[in-house]
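The values are calculated or read from the model by the stated rules, or taken from the named source; none is laboratory data. Small disclaimer: the values here were computed from a predicted structure and weren't measured. With ideal geometry, Cβ positions are generated from the backbone for all residues, glycine too; neighbour counts draw on all protein chains shown. Just so you know, the surface numbers come from the protein's heavy atoms only, side chains and all, with ligands and any DNA or RNA stripped out. Shrake-Rupley method; radii C 1.70, N 1.55, O 1.52, S 1.80 Å.
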Amino acid sequence: MRAVVTVTGKDKKGIIAKVSNFLAERDVNIEDISQTILGEYFAMIMLVDISKIKGELSVLAAECAKMGESIGMSIHLQHEDIFNAMHNI
Amino acid sequence: MFNKFDVLETIDMVQKEHLDIRTVTMGISLLPCIRQNAKDTAKAVYDTVCKKGENIVKTADSLSGEYGIPIVNKRVSVTPVSIITASFPDDAFLVGEALDRAADEIGIDFLGGYSALVHKGTADYEEKFLKTIPYTLANTKRLCSSVNVGSSKSGINMDAVRLMGEIVLQTANMTAKHDGLGCAKLVVFCNAVEDNPFMAGAFHGIGEADTVINVGVSGPGVVEHALKAIPEADLTTVAETIKKTAFKITRAGQLIATEAAKRLNARFGIVDLSLAPTPARGDSVAAILEEVGLESVGTHGTTAILAMLNDAVKKGGVMASSRVGGLSGAFIPVSEDIRMIEAAQNGKISIDKLEAMTCVCSVGLDMIAIPGDTSASTISAIIADEAAIGMVNNKTTAVRVIPCPGKQVGDWVNFGGLLGKCPIMPVHQSGADKFIKRGGLIPAPIHSFKN
């Protein structure tokens with residue numbers, strides 16, 4: 001089972017380190033990362049494996065959003081199926 | 001790996017453009033709950049709804065968290081109560097009250113199905129049932145009622161239309177201290193559908209399976225945003241853009257619907273492809289019409305754009321879902337759409353124009369506040385006009401007007417929450433008493449005989 005993590009906000013040092021540490025602590029494995037900086041705007045999209053997480057996915061998603069707030073970024077973790085559904089026929 | 005623009009587009013749709021799943025509605029058959037008397041039936045109804053619906057809120061909340069898409073409403077629709085109370089119609093209130101308590105118990109805001117289908121004739125037990133509606137709506141919070149008074153196949157039951165004018169007025173008067181709020185929970189239909197997930201008109205048709213999940217999608221803000229990006233495009237391109245956007249919105253609904261049905265041990269019913277506004281800015285259907293090129297919704301050109309919008313939404317949505325149903329189209333409630341409210345306030349839209357708009361979009365005259373001294377026969381005549389549009393055009397039409405006791409044209413009413421607020425709109429002053437008193441049945445149109 002995989003999910004997509006998106007991290008957006010104003011660029012600053014150490015975002016990738018903080019987010020990947022946070023995910024590793026929760027047994028989330030990063031499979032792919034794409035990252036861009038547009039001016040001061042930071043956008044990172046990660047495809048992650050969530051098959052080993054302990055609790056519920058919705059709880060992990062809420063934790064990610066909260067962690068994002070603590071570092072001043074917007075973080076969303078969503079099951080990959082929503083993107084498959086909306087953007088592929 | 002996903003295209004990063006696709007991913008960010010989805011996030012923006014939710015964060016900035018109000019994309020949401022408007023409702024996950026569980027349809028529950030109450031036919032197995034029929035007992036010998038009202039009290040036992042009410043108990044069976046309460047137990048059934050509590051048991052089948054106990055996880056609907058929890059499941060919808062988890063799905064919302066996992067997929068990152070808000071699910072605004074969780075609701076239940078049930079078999080028309082007039083059918084299960086046919087042996088004791090005078091006590092139908094007991095069943096209505098049990099449903100209201102069950103809705104409260106499972107944590108949903110509305111439960112639909114305090115309904116009757118009288119499009120070809122009103123049985124004695126149905127007439128008695130209809131007369132319980134005002135008291136029941138005045139003494140419950142979450143219960144919604146609907147009555148089908150006509151269909152393309154059977155014509156319009158004008159005796160029922162006459163009675164419903166009186167019932168709407170009584171309901172308003174019995175909820176006078178809340179500006180007639182009871183009428184916001186009462187819909188009079190022509191060609192009512194059996195799988196509508198949207199309130200207040202949802203009920204679970206008797207042709208449906210035992211327990212079914214129907215999902216209503218929304219996203220007028222997403223469509224408006226997509227059109228803002230093509231300000232110079234011709235209308236072919238505009239229609240194509242709406243189609244593509246509707247496809248994406250509906251795919252999200254289809255995913256949630258199938259997953260919710262699986263987790264709730266129910267059948268997947270349909271996805272209702274509707275653009276449903278809320279009073280929030282950026283979540284308005286009228287704003288889409290204005291974005292295409294109107295100074296204000298309600299002016300000349302409104303009907304044409306709405307026809308295109310409604311059709312494009314269906315075309316995009318049909319491709320995106322395995323089963324489509326419900327009302328499927330653009331909703332045009334006045335009090336629930338910020339640009340519609342502003343147009344009403346500035347005198348830019350009239351009930352007559354709204355009636356014309358209902359010829360080309362889903363549903364009908366919806367959430368319109370009218371003066372409290374409007375006569376029952378005038379309300380019946382409004383219902384008859386809408387039913388005629390539905391009957392002749394083979395589409396669902398509905399009337400949800402709220403005669404606000406003690407209020408006049410220009411006064412405001414606030415129904416709160418998603419029901420919104422609006423100014424009182426004028427109705428025609430010339431009566432239709434003689435027409436309504438005639439009663440009888442308006443025969444079905446010739447083109448309905450297709451067998």
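A few points about this structure:
- When Rg and Dmax are taken over the Cα atoms of region B:54-140, they come to 15.9, 50 Å.
- Accessible area per residue for region B:241-381 is 32 Å², calculated with a 1.4 Å probe on protein heavy atoms, without ligands, DNA or RNA.
- In this structure the amide hydrogen of B:ALA280, modeled in the peptide plane, comes within under 5 Å of no amide hydrogen from residues 5 or more places off or on another chain.
- Counting Cβ atoms of other protein chains within 10 Å of each residue's Cβ and taking the mean over peptide B:59-67 gives 5.
- Cα-based radius of gyration for region B:238-344, normalised by 2.2 N^0.38 Å, reads 1.15.
- Our note on the geometry: Cα centres of region A:67-89 and region B:412-450, 45 Å apart.
- Residue pairs exceeding 28 angstrom between C-alpha atoms, taken from B:LYS52/B:LYS395; A:LYS13/B:LYS4; B:LYS52/B:LYS185; A:LYS12/B:LYS16; B:LYS52/B:LYS314; B:LYS39/B:LYS185: B:LYS52/B:LYS395; B:LYS52/B:LYS314.
- Using a Förster distance of 45 Å, the FRET efficiency for B:ASP12-B:ASP47 (Cβ separation, nearest 0.05): 0.50
- Helices that extend 18 Å or more along their long axis by alpha-carbon positions and average at least 0.0 on the Kyte-Doolittle scale are, among the DSSP H runs of chain B, B:92-106, B:158-174, B:302-320, B:376-393.
- Backbone N under 15 Å from the B:ARG438 label point (7 Å along Cα→Cβ), restricted to region B:148-172: B:156-162
- For the chain pair A and B, the interface hides roughly 2400 square angstrom of accessible area in total, found with a 1.4 Å probe.
- Across region A:43-48, rounded Karplus estimates of 3J(HN,Hα) from the backbone phi angles (6.51 cos²θ - 1.76 cosθ + 1.60, θ = phi - 60°) give 9, 10, 10, 10, 9, 10 Hz, Gly and Pro being marked x.
- With coordinates expressed along the principal axes, the C-alpha atoms belonging to chain B extend over 61, 52, 50 Å, beginning with the largest.
- The Rg/Rh ratio for region B:145-286, using Cα coordinates for both the radius of gyration and the Kirkwood hydrodynamic radius, is 1.05.
- Computed about the Cα centre, the dipole magnitude for region A:2-87 is approximately 280 debye when only Lys and Arg (+1) and Asp and Glu (-1) carry charge, each at its Cβ.
- Here the Debye sum runs over all C-alpha atoms of region A:2-87 as equal scatterers in vacuum, and log10 of I(q)/I(0) at q = 0.14 Å⁻¹ comes out as -0.44.
- In this calculation the C-beta distance from B:ASN173 to B:SER448 is compared with R0 = 45 Å, giving a FRET efficiency of 0.80.
- Pairs of alpha carbons in the protein assembly as shown whose separation is greater than 35 Å (percent): 37 percent
- Rounded percent of accessible protein surface that carbon and sulfur make up, region A:2-87, 1.4 Å probe: 50 percent
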